[in-house]
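Reading through the structure tokens given below for one structure.
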Amino acid sequence: MEELKGQKCIFCGKKTLTLMQDELDIPFFGKVFAFSMKCVNTECNYFKSDVEAAEIKDPCKVTFEVKDKKDLSVRVIRSSTSSVKIPALKLDLRPGPAAEGYVSNIEGVLERYKKILESRRDTTDDDSERKSIKNLLKKLWKVQCGDIPIKIIIEDPTGNSGIISDKAVVEKLKVKK
Ligand SMILES: [Zn+2]
């Protein structure tokens, strides 16, 4: 892993940005560049991470069904250009500049979603929203225990994303022009 400290932050302008780049070789996917930017200025806390496949790939739609606990360790590559959907958990992560790209596993994707839900639960003033978030968290917990199956769908027009399992269904994504 390469690390560059003391870079100028594009957000706050201070020389408090750490750049990190890593090269990963992922079986059945290929070489992936993972990079992140993190500002250590506590008033700024700018953070951005993304992944990019070394080779050019086709637009893809990957569907994977999480059926038991073993499936939680399946590797996931999510780039910032992809959308991640788990309809049963009302999860719909949109692509864009604020989207995080990362190499993780199914469990990591669920954990990230759990953090988003927990912070929303703790900050909302709306009682009915808090209730529905609590229900989603309960459901998420059952998924993590392998009690209920769910479907995860990743769509990436750049093809930089993937779910590495022979049970994952990979289709060519039709890109709207
Ligand atoms: Zn900053």
- Rg to Rh for the range 1-55: what is it, with Cα atoms only and Rh by Kirkwood? 1.10
- Find the relative contact order for the chain and round it to a whole percent, using C-alpha pairs within less than 8 Å whose residues are 6+ positions apart. 27
- Query: Toward the positive end of the charge dipole of the chain, about the Cα centre and with charges on Cβ (Lys, Arg +1; Asp, Glu -1), which of 113, 77, 24 goes farthest?
  - Reply: 113
- Long pairs among 8/174; 38/151; 114/167; 61/142; 31/174, criterion Cα-Cα beyond 28 Å: 8/174; 38/151
- Message: Under a crude label model (7 Å from the Cα following the beta-carbon direction), how far is residue 121 from residue 19 in nanometres?
- Response: 3.9
- Message: Please report, in whole Å³, the volume per residue of the convex hull around the C-alpha atoms of the chain.
- Response: 143
- Message: With +1 on the Cβ of every Lys and Arg and -1 on the Cβ of every Asp and Glu, and nothing else charged, how large is the dipole of the range 56-177 about its Cα centre, in debye rounded to the nearest 20?
- Response: 220
- Between residue 41 and residue 130, what FRET efficiency comes out of the Förster formula 1/(1 + (r/R0)^6) with R0 = 41 Å and r the beta carbon distance, rounded to 0.05? 0.80
- Task: Per residue, how big is the convex hull around the C-alpha atoms of the range 24-106? Give it to me in cubic angstrom, could you?
- Result: 135
- For the pair residue 175 and residue 52, what calculated FRET efficiency results from E = 1/(1 + (r/R0)^6), where r is the Cβ-Cβ distance and R0 = 25 Å, to the nearest 0.05? 0.90
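Readers should treat all values here as calculations from the given coordinates under stated rules, not as data from a laboratory. If you're wondering where the values come from, they're calculated on a predicted model, not measured in any experiment. Methodologically, a virtual Cβ is constructed for each residue, glycine included, from the backbone with ideal geometry; neighbour enumeration extends over all protein chains shown.
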